[in-house]
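K.L.:
I'd like to ask some things about the structure below.
The values are calculated or read from the model by the stated rules, or taken from the named source; none is laboratory data. Just so it is clear, the structure is predicted and the values come from calculations on it, not from any experiment. We place every Cβ from the backbone using ideal geometry, glycine too, and count neighbours over all the protein chains shown.
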Amino acid sequence: MDKKIHWQSLHPNIQRLFQKQERPIVVLAPMEDVTIVPFRKICKRYGADLVYTEFIPAAGLVREVAACIKKLEYQDEERPLSVQIYGSNPMEMARAARMVEKIVQPDFIDINLGCPVKKIANRGDGAGLLKPDGYVENRLCSELNLPPKNLKNVLCAVVDAVSTPVTVKMRLGWDHKTIYVVESMQWFKEWGIQMIAIHARTKQQAYTGKADWSYIKQAKQASSLPIIGNGDLTSAEIVLQRIQETQVDGVMIGRAAITAPWIFRDVINVLENKPPLPLPDLSFRVEQYLEMISEAIPVKGEYKAVIEMRKYLHAFVGNEYGAARVRKEVMQYDRYSDVKKCLENYVLAKR
Ligand SMILES: Cc1cc2nc3c(=O)[nH]c(=O)nc-3n(C[C@H](O)[C@H](O)[C@H](O)COP(=O)(O)O)c2cc1C
């Protein structure tokens, strides 16, 4: 039987997030080195209802590592904002969450239960928190649907430590034999989690194969918390189809936003039954691209800002005639003024 969400029992920040509009929410996924302030702002301007920081190690935060503290930078126009942290030491995670609360006062604190990278997951962080414990009385914990002990310890420690609503972003499970995403809906509710984003792959799959949304559908039916579906959402049409199939409360978009940040606008249009809009024009996209670099310069320094923004170049410059040559030229520059001149000349030549 489908469970109902008891909105009044959830934190006011969660209630505001969902009750602001009548459609499911559309969320920018956390992505390391991608969801930095200037990119988050652009996605926000294209309509993203919620944006996440990239994941930040609790161990780095509590040791006040400058690079980790820097990742907490944000601007007010990004709100509502979720800060994602990861780690597997309950005390450290609780302390890190308290620091995040004090420094950022985010709308949400999210715990990463999804990172599949070996050196992270194998030490119990990220998706490592989903790895089932071994045996209890000669029976596999995964068969008994027992939550991994440290998963409970970490989540409860963070929930107890802060008054900000705590959410999780998880994978289906550790591998195809240990998928207990449906059972975990009840655990999360009991432990005080307020919202669950599900990337419909296992840790073992990393990014291979296809996201299996049938699990998201089952999890949604079993959950009395809002569910955000994630994985392989590449167009507004696919998003609409997944929402109709699963009845999720929101969708989270990752890689597709890197190549087309206006996907949020397109998805919202489809959900609101509005006609599709044309691609934003080239001069506007170039203006946004240059703005992202200039905003990243004070944070990263000119060289890093120019180099790191190259990953968005394809999206903003596009595929039009002559774009390939311009992209190639821009890739050679490491100074903002050169990139600017090259792109502005391209826009002028296109007029
Ligand atoms: C470059 C990159 C960095 C990522 N970093 C994070 C991260 O910091 N935290 C996290 O929870 N997931 C991270 N992910 C996973 C995404 O949030 C998302 O779950 C995944 O890409 C599937 O969604 P998609 O098919 O829309 O891309 C990352 C993915 C990519 C491609």
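K.L.:
Residue 215 versus (1) in a loop (DSSP other than H, G, I, E, B); (2) of a type in the set (Ser, Thr, Tyr); (3) within 16 Å of the ligand (Cβ to nearest atom): which is the lone unmet condition?
P.N.:
(1)
Per-residue answers, yes or no, for (1) within 16 Å of the ligand (Cβ to nearest atom); (2) modelled with pLDDT under 95; (3) surrounded by fewer than 15 Cβ atoms within 10 Å (Cβ to Cβ); (4) under 17 Å from the mean Cα position of the chain (by Cα):
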| position | (1), (2), (3), (4) |
| --- | --- |
| 241 | yes, no, yes, no |
| 245 | no, no, yes, no |
| 249 | no, no, no, yes |
| 253 | yes, no, no, yes |
| 256 | yes, no, no, yes |
| 259 | yes, yes, yes, yes |
| 272 | no, no, yes, no |
| 279 | no, yes, yes, no |
| 296 | no, yes, no, no |
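K.L.:
Restricting to the stretch 179-204, give me the number of residues that are surrounded by 20 or more Cβ atoms within 10 Å (Cβ to Cβ), part of a loop (DSSP other than H, G, I, E, B) and not hydrophobic (A, V, I, L, M, F, W, C).
P.N.:
5
K.L.:
While we're here: Scan the stretch 9-38 for residues that are closer than 25 Å to residue 245 by Cβ and charged (D, E, K, R) and report the count.
P.N.:
3
K.L.:
If you take just the helices (runs of 4 or more DSSP H) that sit entirely in the stretch 245-351, which of them hold at least 1 residues that are closer than 30 Å to residue 197 by Cα and touching a residue at least 24 places away in the same chain (Cβ under 8 Å)? Give the derivation first.
P.N.:
Numbers: elements: 255-259, 263-271, 282-300, 302-308, 313-317, 323-330, 336-350.
So the answer is 255-259, 263-271, 282-300, 302-308, 313-317.
K.L.:
Next up: Applying the selection to the stretch 106-138, what residues are buried (at least 19 other Cβ atoms within 10 Å of the Cβ) and within 11 Å of the ligand (Cβ to nearest atom)?
P.N.:
Answer for the stretch 106-138, where residues must be buried (at least 19 other Cβ atoms within 10 Å of the Cβ) and within 11 Å of the ligand (Cβ to nearest atom): 110, 111, 112, 113, 114, 115, 116, 120, 126, 127.
K.L.:
Shifting gears a bit: Going by what's in this entry, would residue 202 be described as hydroxyl-bearing (Ser, Thr, Tyr) and more than 12 Å from the ligand (Cβ to nearest atom)? Please lay out each step first, then the result.
P.N.:
Working: hydroxyl-bearing (Ser, Thr, Tyr): yes; more than 12 Å from the ligand (Cβ to nearest atom): yes.
In short, yes.
K.L.:
Taking only the stretch 161-173 into account, find how many residues are more than 16 Å from the ligand (Cβ to nearest atom) and touching a helix residue (DSSP H, G or I) at 6+ places or on another chain (Cβ under 6 Å).
P.N.:
Total meeting the criteria: 4.
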